[in-house]
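Chemist: I'd like to ask you about the structure that follows.
Every number here is computed from the coordinates shown, using simple stated rules; none is lab data. Everything numeric here is computed off the predicted structure, so don't read it as measured data. When we count neighbours, we look across all protein chains shown, and the Cβ atoms used for this are built from the backbone with ideal geometry, even at glycine.
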């Protein structure tokens with residue numbers, strides 16, 4: 001009887017040491033949570049021929065490329081993204097600028113699932129333009145716009161990430177910066 005008890009105890013101990021097989025399944029790929037602050041704005045009023053409000057969480061830099069032509073960057077360092085803008089003075093070439101802008105948007109058609117656009121018209125501020133929302137997982141510039149007074153000024157802008165675009169995971173940042181860009185457009189004024 002004693003041998004039987006020792007045998008059963010040994011078998012129980014041996015059985016408890018054997019690991020059960022678990023079904024191993026790959027875990028889905030996930031992305032880090034992106035916490036975004038409340039929107040807050042400050043006015044940009046410099047030597048540039050326009051003013052607008054931009055995010056307090058962004059850094060604005062610009063350089064004069066030649067007379068009447070500027071490159072402006074509104075950079076969000078925390079999110080590795082920037083609104084890159086170029087400004088130039090019109091010389092009876094607004095139509096050429098608009099056609100060139102449409103061609104730049106067409107470059108994204110290969111990767112885009114959809115391109116939505118809306119028109120900007122503020123006759124009291126003489127601000128007119130077009131906003132492009134380019135939908136698609138791998139689209140390089142998911143948000144673009146151009147503004148003009150239709151006589152002297154032309155500004156174009158594109159949203160660029162400093163990483164390989166995976167817009168499904170970047171959607172919260174894209175939406176956040178789009179809202180900041182809309183505040184910029186709504187506060188935009190040309191200097192006389």
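Chemist: Label-point separation (nm) for residue 67 and residue 97, each offset 7 Å from Cα along Cα-to-Cβ?
Modeler: Here the answer is 1.8 nm between the modelled labels.
Chemist: Could you rank the peptides 115-123, 81-89, 96-104 by their average count of other C-beta atoms within 10 Å per residue, with the highest value first?
Modeler: The peptides rank, most packed first, as 81-89, 96-104, 115-123.
Chemist: Once the Cα atoms of helix 94-106 and of the chain are each reduced to a long axis, what angle between those two axes, in degrees from 0 to 90 to the nearest 10, is obtained?
Modeler: Tilt relative to the chain: about 10 degrees.
Chemist: State the Cα centre-to-centre distance between the stretch 65-138 and the stretch 153-192 in whole Å.
Modeler: Taking the Cα centre of the stretch 153-192 as reference, the centre of the stretch 65-138 is 9 Å away.
Chemist: Sticking with this structure for a sec: Roughly speaking, what is the stretch gain from residue 16 to residue 2, that is 0.36 nm per residue apart minus the C-alpha to C-alpha distance, in nm to one decimal?
Modeler: Extra length available between residue 16 and residue 2 comes to 2.9 nm.
Chemist: How high is the FRET efficiency from residue 88 to residue 110, r the C-beta distance, R0 30 Å, rounded to 0.05?
Modeler: 0.65
Chemist: Further question: Please compute the Kirkwood hydrodynamic radius over the stretch 1-155, one decimal place, Å, based on all pairs of different Cα atoms.
Modeler: 20.6 Å is the Kirkwood radius here.
Chemist: Show me the ranking of peptides 174-185, 139-150, 37-48, 6-17 by mean Cβ neighbours inside 10 Å, starting with the highest.
Modeler: 139-150, 174-185, 37-48, 6-17
Chemist: Starting from 0.36 nm per residue, how many nanometres of slack lie between residue 51 and residue 25 once their C-alpha separation is accounted for?
Modeler: Extra length from residue 51 to residue 25 when fully extended: 3.9 nm.
Chemist: Let me ask something additional. Show that you can apply the helix-only estimate: for the chain, add -39,500 (n - 2.57) for every DSSP H stretch of four or more residues, divide by all residues, and state [θ] at 222 nm to the nearest 500.
Modeler: It lands at -8500 deg cm²/dmol.
Chemist: Same structure, new question: Would you mind calculating the gained length between residue 175 and residue 189 on full extension (0.36 nm times residue separation, minus the Cα-Cα distance), in nm to one decimal?
Modeler: Full extension from residue 175 to residue 189 adds 2.7 nm.
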